[in-house]
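Scroll down for the structure; my scribbles are underneath it.
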Amino acid sequence: MDQNLEKPLVSVLMPVYNAEEYIEKSIESILNQTYKNFEFIIVDDFSSDNSVKIICLFSDSRIRLITKNNNSGIAKTLNIGLENAKGKYIIRMDADDICHPNRIHKQVEFLENNEDYILCGSNYKTIDENIIVKLPQNNESIKLGLLSNCCIAHPTVAIRFNVLKQYNIHYDSIMEPAEDYDLWVSLASKGKYYNLQEELLYYRVHEEQISNKRKKEQDQKSFAVKIKYISSFYKKIIEKEEVILKKILLSSERITKEDVESFSKFIKSMKKNNESNSYFNKDEFNIFLSGLEELLLENYFAKYERYTISDIINYYKINREYGLKFSFKKKFGLFLKSVFFYKIKTR
């Protein structure tokens, strides 16, 4: 009997848009996987190049090509793929990347042996620079990391499909181009995450990537995801708190004394909330909050033309009154800048 019949069906999902330069190698890396029991759903987002022609050159029966009659973006394209998927697991793949031959085998093996985990990603290596990108490994580190950035690489993931269906979770086009980050946050309370500490994907960096072409928009949408995430375990973020976080994380405006006071209350409330519900490891969460404190103070003390002695005096007042503080290194830097009247670079 074919051993593959005993293995669960996997749905490999690849969105495509004008990828003629790279797609052949990408497809080959999937077809050459050591794990064989998969369907390969390729959804073309109305490409204007030869992407579809190249796809059609492959005669493998596992390929299911879906072509759209209009270009509507990656989130809607991925949702079409999900609607047509039949597998137990969704394996994401991008048309410009290359998979390690054992990728699907290793991820399916992990999820089959760990039923409380709903998502398995991995580290990756950039194709031209050969840079290895290491991501947080365990569930606690990943979910804490999501407070700061998207620490799950989208084209590396394997997702337990029944969880998406059970909770009716899909990609949100409104959150594009941070639709993946938004998905991880939406799934965070549904089960555990894991990143295999192997480079199972070779990631291509080029100028046409969304992360390069739409970086400012991606930063703004990522901020919206962070607010959504904090609200999911803390409480609904009020407008004043959101404004302060935007100033800190997006450097949109200068921090005021009133912001400092409001932020100190917000920080204390966050700490108290986490101590009661233990959503994050206490020490690691406090390190994250300390990082926010430093960003706030850096913004606050960089609002004039140059530093002065009054800045270091003001810092100790804020530290005494609100409990906010720099690390020793940052505090020493503020002292030096104040003593030597360091000129601030205009933003």
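The values are calculated or read from the model by the stated rules, or taken from the named source; none is laboratory data. Source: prediction; values computed, not measured. Counting neighbours? That spans all protein chains shown, and the Cβs are built from the backbone with ideal geometry, glycine included. Only protein heavy atoms, including side chains, enter the accessible area calculation; ligands, DNA and RNA are left aside. Shrake-Rupley method; radii C 1.70, N 1.55, O 1.52, S 1.80 Å.
For the residues 49, 60, the requirement of being at pLDDT 95 or above, of a type in the set (Asp, Glu), farther than 19 Å from residue 206 by Cβ and part of a loop (DSSP other than H, G, I, E, B) singles out 60. Pairs meeting the criteria (first residue in region 226-237 and surrounded by 14 or more Cβ atoms within 10 Å (Cβ to Cβ), second residue of a type in the set (Phe, Trp, Tyr), beta carbons under 7 Å, at least 6 apart or on different chains) are 233/279.
Take the residues of region 65-100 that are touching an Asp or Glu at 6+ places or on another chain (Cβ under 6 Å) and open to solvent by 70 Å² or more (accessible area, probe 1.4 Å): which is nearest to residue 18 (Cα to Cα)? Only one residue fits best here, namely 71. When we screen 5, 82 for residues that are among the aliphatic types (A, V, I, L, M), farther than 30 Å from residue 130 by Cβ, part of a helix (DSSP H, G or I) and modelled with pLDDT under 95, the only hit is 5.
The residues in region 137-158 that are assigned to a helix (DSSP H, G or I) and either open to solvent by less than 20 Å² (accessible area, probe 1.4 Å) or not hydrophobic (A, V, I, L, M, F, W, C) (or both) can be counted, and the count is 9.
Checked against the criterion of being in contact (Cβ under 8 Å) with a residue 40 or more places away in the chain, open to solvent by less than 80 Å² (accessible area, probe 1.4 Å), over 30 Å from residue 109 (Cα atoms) and not in a helix (DSSP H, G or I), region 294-304 contains one or more residues that satisfy it. Give the residues of region 25-69 that are on the phi > 0 side of the Ramachandran plot and among the hydroxyl-bearing types (Ser, Thr, Tyr), sorted by residue number. Within region 25-69, no residue meets the criteria. Residues of region 313-345 that are over 22 Å from residue 267 (Cα atoms), touching a Lys or Arg at 6+ places or on another chain (Cβ under 9 Å) and open to solvent by less than 50 Å² (accessible area, probe 1.4 Å): 344 alone.
Apart from one condition, residue 273 fits all of (1) touching a Phe, Trp or Tyr at 6+ places or on another chain (Cβ under 8 Å); (2) outside any helix (DSSP H, G or I); (3) among the polar types (S, T, N, Q); the exception is (2). Restricting region 30-60 to residues that are among the β-branched types (Val, Ile, Thr) and touching a residue at least 60 places away in the same chain (Cβ under 8 Å) leaves a set whose member that is most open to solvent (accessible area, probe 1.4 Å) is 34.
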